[in-house]
Amino acid sequence: MRIFDPHIHMTSRTTDDYRRMYDAGVRALVEPAFWLGQPRTSPDTFADYFDGLLGWEPYRAAQYGIAHHCAIALNPKEANDPRLRGVLDLLPRYLAKDRVVAVGEVGYDEMTPAEDEVLQAQLALALEHELPVLVHTPHRDKAAGTIRTLDVVKDSGLPPEMILVDHLNEMTAKAVADSGCWSGFSVYPDTKMDVHRMIALLRLYGTDRVLVNSAADWGHSDPLKTRAVGDAMLADGFTEEDVDKVLWANPVAFYGRSGRLELDEVSPAADYAGNTIKRGVAP
């Protein structure tokens with residue numbers, strides 16, 4: 001089983017996770033820029049973070065045979081901090097980078113006017129740079145936030161096939177499927193979606209334009225939930241081709257619209273900025 005996790009935050013995970021993911025079949029991933037849990041106070045901290053997503057993290061992933069790509073954006077939660085509005089000025093420089101395959105995560109947290117402005121600005125950047133968009137739907141008022149998101153996307157000039165609306169559930173799946181956008185589902189141990197509900201939705205809506213991710217981060221999450229969904233699909237009677245479509249072909253098709261996916265066998269460089277990651281190994 002080959003797996004492409006289309007939404008996972010490896011900056012907050014350990015090298016043991018990379019090893020376990022490879023053993024489970026993960027060969028590629030996309031790491032969207034997100035809130036780190038600790039509020040940031042300056043656009044400069046975002047520049048360092050974006051540099052890490054483009055340099056250090058792909059190097060770390062390559063140690064375990066996993067192709068690392070990223071999405072770059074000012075996330076919805078921090079869009080409300082006026083000190084960070086300057087991040088929008090940084091984005092064009094980063095959106096031109098080779099391993100950036102989307103603008104994201106963008107979207108809504110509390111559905112404020114500031115979030116409206118930042119979302120619209122970043123959709124315009126996606127249109128300018130001809131990049132797909134990864135949209136975060138809010139944890140609260142999810143149904144209303146998803147409808148509002150779809151309205152804003154419709155007005156942006158971006159075609160729906162360039163939009164992935166993520167963190168969906170039973171309340172929001174139909175609206176996104178009907179819109180023509182791609183549907184993303186985050187499978188968690190306790191919150192968001194679980195494996196059995198995910199199987200039910202795949203039975204209901206099919207496998208077209210559907211991506212399943214772990215969205216694993218610094219909280220209670222599991223980077224192997226993609227594999228758990230694949231195993232559950234097989235147990236429920238889905239074919240190996242169905243599993244490959246959901247866990248590999250669909251993410252490749254969506255992010256491939258960037259023209260920047262690099263999915264050949266990964267071989268790590270000797271070091272990154274002088275760091276070899278090796279501990280206790282003689283030179």
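A short reminder: the numbers here are calculations on the coordinates, not readings from a lab. Predicted model, so just to flag it, every value in this text is computed and none were measured. As a convention, Cβ positions derive from the backbone with ideal geometry for all residues, glycine included, and neighbour counts pool all protein chains shown.
Structure data summary
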read-out	value
Phi to ³J(HN,Hα) by Karplus 6.51 cos²θ - 1.76 cosθ + 1.60 over region 159-167, Hz, x for Gly, Pro	x, x, 5, 9, 10, 10, 9, 10, 6
Unsatisfied cross-links (Cα-Cα over 20 Å) in the set 97/154; 77/142; 142/192	97/154
Loop trypsin sites (Lys or Arg not before Pro), region 178-283, which have at most 15 other Cβ atoms in a 10 Å radius of their Cβ (DSSP)	260, 278, 279
Region 112-138 versus region 208-283: alpha-carbon centroid distance in Å	24
Region 64-84 versus region 1-36: alpha-carbon centroid distance in Å	15
Rounded to 5, percent antiparallel among DSSP beta bridges of region 3-258	5
Among 249, 186, 37 - extreme Cα towards positive end, dipole of the chain, charges at beta-carbon	37
Residue with peak Gaussian network fluctuation, the chain [Cα springs, cutoff 10 Å], from 177, 62, 273	273
Relative contact order (%) - the chain, alpha-carbon pairs under 8 angstrom, separation at least six	21
Simple Cβ-charge dipole of region 128-283, Lys/Arg +1 and Asp/Glu -1, about Cα centre, in debye nearest 20	400
In region 166-271, the chymotrypsin sites (Phe, Trp or Tyr not before Pro) that fall in loop regions by DSSP, at most 13 other Cβ within 10 Å	none
Rounded to whole Hz, the Karplus (6.51, -1.76, 1.60) HN-Hα couplings of region 197-214, x for glycine and proline	5, 5, 4, 4, 5, 5, 5, 6, 10, x, 10, 6, 6, 10, 10, 10, 9, 8
Among 163, 66, 199: highest mean-square fluctuation, GNM of the chain, C-alpha pairs under 10 Å	199
In Hz, Karplus ³J(HN,Hα) per residue of region 103-117 (6.51, -1.76, 1.60; θ = phi - 60°; x = Gly, Pro)	9, x, 7, 10, x, 10, 10, 10, 6, 9, x, 5, 5, 4, 5
DSSP beta bridges in region 142-256 [antiparallel fraction, %, rounded to 5]	10
Total charge dipole magnitude, the chain, about the Cα centre, Cβ charges on Lys, Arg, Asp, Glu only, Debye to nearest 20	360
Cα shape, region 1-143, gyration tensor, a/c 1.5 rule	prolate
